[in-house]
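Chemist: Mind looking over this structure? Questions follow.
The values are calculated or read from the model by the stated rules, or taken from the named source; none is laboratory data. Computed from a predicted structure; not experimentally measured. Glycine gets a Cβ as well: all are built from the backbone with ideal geometry, and neighbour counts include every protein chain shown.
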């Protein structure tokens, strides 16, 4: 068994490997190379060294501005999404009537695409703000909180499902033992439930963190960075850099490479940090 | 159940692959790929132009793709990188040519170029003609003359003139507009001007069109604008005067501009909720096509963009073009030849000219069109009237010399901050100057 597995491994892994190489590995390596080039399309690139990386910061400060905005947004959404999702999961694993209906309803926003969601929320939020003679573009704080609301609405259901699965997997004898020992709800939550679902917390934190950093379509549809680039997130800034000036394709590419490195680094740190808190069940 | 589903899926995949192959192999015809710039007439290309051309020239297959509003540059960029790139594409002037310098084909030997009445209107690069204009357009303040007549018939109007046609400078315009705002209920409108649309993607009416008279007053012509390393925005105050007039007498309060697109502004005009809107003759289709349109054809007229610039009494509306067609020299020779056949057919055959005048509604710069072959829409007729008006010269379009898209974006955002009350006008001016200097140096001026 072991032996034949090893023999046939390349054969079975090959299709996936080919796809991975064509659709991910090659573009990524090429993208990295292009970040050191000036080009209008990939056939006419020529090497310019680090100029693109320097220009990414010296021409305007929108990239750093976008970084701080994205960071603030990610911190807020990681906290709110996970707390809300976990709270909902707790409620919906108690035997409340209509649990399945609620789970379905909370999950549904996640099935709608980002652009559509952005438009829907733009109409809703502009409708609310119209009462105060304002729009989403009147002040960057509206854009910020609009994005936070949108992101929560979309992602809470998804994370909730992961938490529900984890909570349902907690062995009932552990909870019963706690009950017999006289632990109250609070102690049970912090001493049994949360440590037991730690692997799911790792996954959810990872997903929300990277989703926050990578957010593009919702940002584009809701505010498109207005007013004055103040609600422009990293991905949108990269796209805009690529197309806003002649000869700036390479700068956009350089920003994209830095973006990848930043997100990967932060996600790795998070993974290591939360993994260490996981307990073997 | 699961088995049935699997069979179904496999069948679907099989069928779709058959279709995918069929599309590329069934035709032995040469494909002419045209990347269209104007979303408002996308349907005309697919429903009228394509069948008519393919009936006349069965050996060709015309493929028209339309880029989404404000997305032309990015769409073009990605389409050009594909293995079957567009053959005919649009450039918006000298800046567009610079962006596509490695793509544009020489056109001096094509029949299409030779149709041009004034060959000087074509754009060149390194001694080759590379872009040919195909539509002349005009813009200004579009007004609803029915409402204006109603206003001038008011017993207590505050101005001495008796018709909108007598407005010939900013001072008069301002007096009329402000007095109209004081009489909104009697006129049955909700604002004099349509919303100053600032929804993302809708800022172009201000960042290019409204700034054009100020640019022209400072730089005079396109060549100077295009070479300018700095922009003093000498006429900043003039720009502000008209911009403020729009904002203060608008149907939309300042805080709400961000929720309106230019389509909304045109609907407001078509529904008779406002008396004026700044736009060009291409918007005629939008006005006439609005369900519940209350504006009579004969009442749709143009006023120039008066902003208190000296001598503006003898200036007309802004007439020019940013609609140039270029050929892709990297396309196959057959496709390039086909492109010439197609455009020559469209702009010189009787059938093609019919379509251009009646369906595409272009005022063309080609010798093949006689002076009575102009579109039968009210704004195109108005452009014609203004072009030939005694004692008035049109303002040429010089905004094509704006150094980059980024300048427009920065200027738009500064204006939005001004509307939101966080920028003074001086800061807007400074942004326009600084961004111009920066972008000009980045583009090597």
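Chemist: Tell me the residue from B:23, B:101 that is surrounded by fewer than 14 Cβ atoms within 10 Å (Cβ to Cβ) and either modelled with pLDDT of 85 or more or under 24 Å from residue B:352 (Cβ atoms) (or both), please.
Modeler: Among B:23, B:101, only B:101 is surrounded by fewer than 14 Cβ atoms within 10 Å (Cβ to Cβ) and either modelled with pLDDT of 85 or more or under 24 Å from residue B:352 (Cβ atoms) (or both).
Chemist: Check whether at least one residue in region B:171-190 is under 26 Å from the mean Cα position of the chain (by Cα) and surrounded by fewer than 16 Cβ atoms within 10 Å (Cβ to Cβ), and report yes or no.
Modeler: No; the residues of region B:171-190 include none that is under 26 Å from the mean Cα position of the chain (by Cα) and surrounded by fewer than 16 Cβ atoms within 10 Å (Cβ to Cβ).
Residues checked against (1) over 20 Å from residue B:362 (Cβ atoms); (2) modelled with pLDDT under 90:
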site: B:282; (1), (2): no, yes
site: B:296; (1), (2): yes, no
site: B:299; (1), (2): yes, no
site: B:304; (1), (2): yes, no
site: B:311; (1), (2): yes, no
site: B:314; (1), (2): yes, no
site: B:319; (1), (2): no, no
site: B:327; (1), (2): no, no
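Chemist: Follow-up. Filter region B:97-123 for residues that are assigned to a helix (DSSP H, G or I) and in contact with a helix residue (DSSP H, G or I) (Cβ under 8 Å, 6 or more places away or on another chain) and give the result. Step through it out loud before you land on a result.
Modeler: Taking region B:97-123 and keeping what is assigned to a helix (DSSP H, G or I), we get B:97-99, B:111-114, B:119-121.
Within region B:97-123, B:99, B:111, B:112, B:113, B:119 qualify.
Chemist: Of B:374, B:295, B:341, which residue is in contact with a helix residue (DSSP H, G or I) (Cβ under 9 Å, 6 or more places away or on another chain), buried (at least 17 other Cβ atoms within 10 Å of the Cβ) and in a helix (DSSP H, G or I)?
Modeler: Exactly one of B:374, B:295, B:341 is in contact with a helix residue (DSSP H, G or I) (Cβ under 9 Å, 6 or more places away or on another chain), buried (at least 17 other Cβ atoms within 10 Å of the Cβ) and in a helix (DSSP H, G or I), namely B:341.
Chemist: Just one of the numbered conditions (1) surrounded by 19 or more Cβ atoms within 10 Å (Cβ to Cβ); (2) assigned to a loop (DSSP other than H, G, I, E, B); (3) within 21 Å of the chain's Cα centre (by Cα) is not true of residue B:201; which one?
Modeler: The failed condition is (1).
Chemist: May I ask you to list the residues in region B:192-203 that are in contact (Cβ under 8 Å) with a residue 40 or more places away in the chain and within 14 Å of chain A (Cβ to nearest Cβ)?
Modeler: B:195, B:196, B:197, B:198, B:199, B:201, B:202, B:203
Chemist: Would you check which residues across region B:264-288 are touching a residue at least 60 places away in the same chain (Cβ under 8 Å), surrounded by fewer than 22 Cβ atoms within 10 Å (Cβ to Cβ) and away from chain A (no Cβ under 14 Å) and list them?
Modeler: B:272, B:273, B:280, B:282, B:285, B:286, B:288
Chemist: Same structure again: For region B:236-262, give me each residue that is within 14 Å of chain A (Cβ to nearest Cβ) and either within 23 Å of residue B:304 (Cβ to Cβ) or without any contact (Cβ under 8 Å) to a residue 24 or more places away in the chain (or both).
Modeler: B:247, B:250, B:251, B:253
Chemist: Could you list, in sequence order, all residues of region A:29-44 that are assigned to a loop (DSSP other than H, G, I, E, B), crowded, with 17+ Cβ neighbours inside 10 Å and either more than 12 Å from every other protein chain (Cβ to nearest Cβ) or without any contact (Cβ under 8 Å) to a residue 24 or more places away in the chain (or both)?
Modeler: Correct list: A:35, A:36.
Chemist: Let me ask something else about it. I'm checking my understanding of the structure. Among residues of region B:63-95 that are in a helix (DSSP H, G or I) and touching a residue at least 40 places away in the same chain (Cβ under 8 Å), which one is surrounded by the most Cβ atoms within 10 Å (Cβ to Cβ)?
Modeler: B:76
Chemist: Another question, if that's okay. Is it the case, given these coordinates, that residue B:434 is away from every other protein chain (no Cβ under 14 Å) and farther than 24 Å from residue B:103 by Cα? It would help to see each step written out before you state the result.
Modeler: Numbers: away from every other protein chain (no Cβ under 14 Å): no; farther than 24 Å from residue B:103 by Cα: yes.
Criteria not met by residue B:434.
Chemist: Could you list, in sequence order, all residues of region B:395-404 that are surrounded by 19 or more Cβ atoms within 10 Å (Cβ to Cβ) and in contact with a strand residue (DSSP E or B) (Cβ under 7 Å, 6 or more places away or on another chain)? Give the derivation first.
Modeler: So in region B:395-404, the residues surrounded by 19 or more Cβ atoms within 10 Å (Cβ to Cβ) come out as B:395, B:397-404.
Result: B:395, B:397.
Chemist: Could we say that residue A:129 is within 11 Å of chain B (Cβ to nearest Cβ), assigned to a helix (DSSP H, G or I) and out of contact with any strand residue (DSSP E or B) (no Cβ under 6 Å at 6 or more places or on another chain) here?
Modeler: Answer is yes for this residue.
Chemist: Just one of the numbered conditions (1) at pLDDT 90 or above; (2) assigned to a helix (DSSP H, G or I); (3) within 14 Å of chain A (Cβ to nearest Cβ) is not true of residue B:379; which one?
Modeler: Of (1) at pLDDT 90 or above; (2) assigned to a helix (DSSP H, G or I); (3) within 14 Å of chain A (Cβ to nearest Cβ), only one is false for residue B:379: (3).
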